[in-house]
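These notes concern the structure reproduced below.
The values are calculated or read from the model by the stated rules, or taken from the named source; none is laboratory data. All figures in this text were calculated on a predicted structure; none of them were measured in a lab. Here the Cβ is made from the backbone with ideal geometry for all residues, glycine too, and neighbour counts use every protein chain on show.
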Amino acid sequence: MKTSGNTILITGGGSGIGEALAHRLHDAGNTLIVAGRRRDALEKAIAGRANMHALELDVESADGVTDFARRLLAEHPSVNILVNNAGIMRFEALDRARDLADAEATIATNLLGPIRLTNALIDHLVQQPHAAVINVTSGLAFVPLLVTPTYNATKAAIHSYTIALREALRGRVEVIELAPPAVQTGLTPGQETRPGYQPLDAFADEVMALLSHVPTPPEILVERVGFLRRAEAEGRFDETLRQVNEFAAKAREG
């Protein structure tokens, strides 16, 4: 992937991983558009940075995605890279009947959102030089966290979707998967300072170093996520499943 001179859209760009990557990509010489629901967070993310722009987007709304794509291309016709980063993570119990609102919102945001936005922009992207789509998944796509089952499932689905998209667009649009480990962000309450999670700045720095490789790896995997990605292939899935869930439970307890 060309790492400078692009016009890049990052969803969920007002905080966490999206904001950190937006700032680093901007520092590398790209024009950035950060999109998300909260205008105040978006404005804070772009403050003091020329060639950074904010657009409101609700990825849960099919009509909203269509309208957003129209506004985006009208204002930024040179956009050539899409980073599908927006996501939510909700804790759910599977051992009893429950209200499925959290599960449905997670599917709408994490799975339907990237599918809809990619679909809305694909005819434009295939015509752009150095075009790329980066889908942000998770190490939990490969080894699930038991208390976030729908989140894990959506990330596993986007992993599979990304493989299909890569093959369908081969030679026209570069398709990359970014699978983070547990990172200190606001994805869940208390996660920004949770011990044992990778500091956000260290994660973003490692991602940028991997993106600069030539050729760009089809999967951007920082060192900490490798044990999840390779668990099944290395014949240690059950043990890794136990370790990950024990670690996460202890971390949440403080």
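Here is how the numbers come out for the structure above:
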{"read-out": "Filter result for the condition that a residue is in contact with a Leu (Cβ under 6 Å, 6 or more places away or on another chain) and either among the small types (G, A, S) or over 25 Å from L228 (Cα atoms) (or both), over L125, L82, L117", "value": "L82"}
{"read-out": "Only listed residue being out of contact with any helix residue (DSSP H, G or I) (no Cβ under 8 Å at 6 or more places or on another chain), of a type in the set (S, T, N, Q) and surrounded by 13 or more Cβ atoms within 10 Å (Cβ to Cβ), chosen from T162, T193", "value": "T162"}
{"read-out": "Number of positions in the stretch 34-50 that are outside any helix (DSSP H, G or I) and over 13 Å from G16 (Cβ atoms)", "value": "6"}
{"read-out": "Filter result for the condition that a residue is touching a His at 6+ places or on another chain (Cβ under 9 Å), within 17 Å of A204 (Cα to Cα) and not acidic (D, E), over A22, A45", "value": "A45"}
{"read-out": "Filter result (part of a loop (DSSP other than H, G, I, E, B) and of a type outside the set (A, V, I, L, M)) within the stretch 70-87", "value": "H76, P77, S78, N80, N85, G87"}
{"read-out": "All positions within the stretch 57-103 that are surrounded by 13 or more Cβ atoms within 10 Å (Cβ to Cβ) and acidic (D, E)", "value": "D58, E60, D67, E92, D102"}
{"read-out": "Test for I17: is it under 19 Å from the mean Cα position of the chain (by Cα), over 21 Å from A69 (Cα atoms), buried (at least 23 other Cβ atoms within 10 Å of the Cβ) and touching a residue at least 40 places away in the same chain (Cβ under 8 Å)", "value": "yes"}
{"read-out": "Residue in the stretch 123-152 that is farthest from E56 (Cα to Cα), counting only those that are of a type in the set (V, I, T) and buried (at least 19 other Cβ atoms within 10 Å of the Cβ)", "value": "V143"}
{"read-out": "Hits in the stretch 27-37 - residues which are buried (at least 24 other Cβ atoms within 10 Å of the Cβ) and either aromatic (F, W, Y) or closer than 19 Å to S61 by Cα (or both)", "value": "V34, A35, G36"}
{"read-out": "Residue selected from the stretch 223-254 under the condition among the basic types (K, R), without any contact (Cβ under 8 Å) to a residue 24 or more places away in the chain and part of a helix (DSSP H, G or I), by the criterion nearest to G139 (Cα to Cα)", "value": "R242"}
{"read-out": "Evaluation of D95 against (1) assigned to a loop (DSSP other than H, G, I, E, B); (2) of a type outside the set (K, R); (3) within 18 Å of E177 (Cβ to Cβ) (one fails), failing number", "value": "(3)"}
{"read-out": "Residues of the stretch 207-222 classified as assigned to a helix (DSSP H, G or I) and touching a residue at least 12 places away in the same chain (Cβ under 8 Å), total", "value": "4"}
{"read-out": "Counted residues, the stretch 174-205 - those being β-branched (V, I, T), under 11 Å from A251 (Cβ atoms) and either assigned to a loop (DSSP other than H, G, I, E, B) or at pLDDT 95 or above (or both)", "value": "1"}
{"read-out": "The stretch 188-206 residues that are without any contact (Cβ under 8 Å) to a residue 12 or more places away in the chain, paired with ones that are outside any helix (DSSP H, G or I) and surrounded by 11 or more Cβ atoms within 10 Å (Cβ to Cβ) (beta carbon under 7 Å, 6 or more apart)", "value": "Q191/Q184; Q191/T185; Q191/Y197; E192/Q184; E192/T185; E192/G186; T193/Q184"}
{"read-out": "Members of the stretch 38-55 found to be surrounded by fewer than 16 Cβ atoms within 10 Å (Cβ to Cβ) and out of contact with any strand residue (DSSP E or B) (no Cβ under 7 Å at 6 or more places or on another chain), listed by number", "value": "R38, D40, K44, A47, G48, R49, A50"}
{"read-out": "Which numbered condition G235 fails, given (1) surrounded by 15 or more Cβ atoms within 10 Å (Cβ to Cβ); (2) of a type outside the set (F, W, Y); (3) farther than 25 Å from M1 by Cβ", "value": "(1)"}
